[in-house]
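Everything below concerns the one structure shown next.
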Amino acid sequence: MVENKVISLGGSLIVPDEIDVEFLKKFKNIINELNYKFHVMCGGGKTARKYIQAASNFTKKTDYVGISSTLLNAELVKWVFDGKDVHKEVLTKPKLTKSKINIYGGDVPNHSSDYDSAVIAKFFKNSEVINLTNVDYVYDKNPHKYKNAKPFEKLTWKEFRKLSGDKWVPGMNLPFDPVGAKFAEKNNIRVVILNGKDLNNFKKYLSGKKFKGTIIED
């Protein structure tokens, strides 16, 4: 039986400022060459944050705008894999399919796509979520702002939650969202934080080789 791999694909990789077509091409090639069944949950990233900021002038229900952004990104990623190996629809809930590649977008408010990826992992009895984001590790503070930010190679869930807090705010930018962290901790799901810009590092991790990133587990 082919092993399921659950990936939380950060929206910051799909659309850092403009749509990163070169990243999407490389991501497609890596996924196609690896012999796993993939479940890829797409984040909203900067697109979501821009729309959430605009919507906040008119409503408190900004999560719905963020969800739509994840679905838009997911639709794009689905067409990146246009062909027989990808499920024909963007999914919003875990589902048994015959497809090698399954692309997901958000569904309900009050959490990010990180939580959704953990739900998918639980459904497929998978003990792991691979979170592809735009930093190399989890840090004690934002590495994009602070050059002296301290990286962590391993963290317990308690240690991670001390860094991230416990409250979800629409559009928040963390390696893994607080609601998803609580769910992963409760269900014994390991989360691996990798920089998605370095897809060779992602491949090394899947191959059991030495890699650069953070493992969060108890």
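Read-outs throughout are calculated quantities, based only on the coordinates presented, and are distinct from any laboratory measurement. Predicted model only: the values in this text are computed from it and were never measured. Counting neighbours? That spans all protein chains shown, and the Cβs are built from the backbone with ideal geometry, glycine included.
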Any residue in segment 195-218 that is farther than 20 Å from Thr156 by Cα sitting within a Cβ distance under 9 Å of a residue that is among the hydroxyl-bearing types (Ser, Thr, Tyr)? List the pairs, counting only those 6 or more apart or interchain. Gly196/Ser12; Gly196/Thr133; Leu206/Tyr36
If you check Glu18 against the conditions, is it over 15 Å from the mean Cα position of the chain (by Cα), assigned to a helix (DSSP H, G or I) and surrounded by fewer than 24 Cβ atoms within 10 Å (Cβ to Cβ)? no
So, of the residues in segment 134-160 that are in contact with a Ser or Thr (Cβ under 8 Å, 6 or more places away or on another chain) and among the charged types (D, E, K, R), which turns out to be nearest to Arg190 (Cα to Cα)? Lys154
Looking at Asn29, Asn73, which one is of a type outside the set (Asp, Glu) and more than 21 Å from Pro94 (Cβ to Cβ)? Asn29
Applying the selection to segment 43-98, what residues are among the basic types (Lys, Arg), outside any helix (DSSP H, G or I) and surrounded by 14 or more Cβ atoms within 10 Å (Cβ to Cβ)? Lys95
Going by what's in this entry, would Thr92 be described as touching a residue at least 60 places away in the same chain (Cβ under 8 Å) and more than 23 Å from Asp198 (Cβ to Cβ)? no
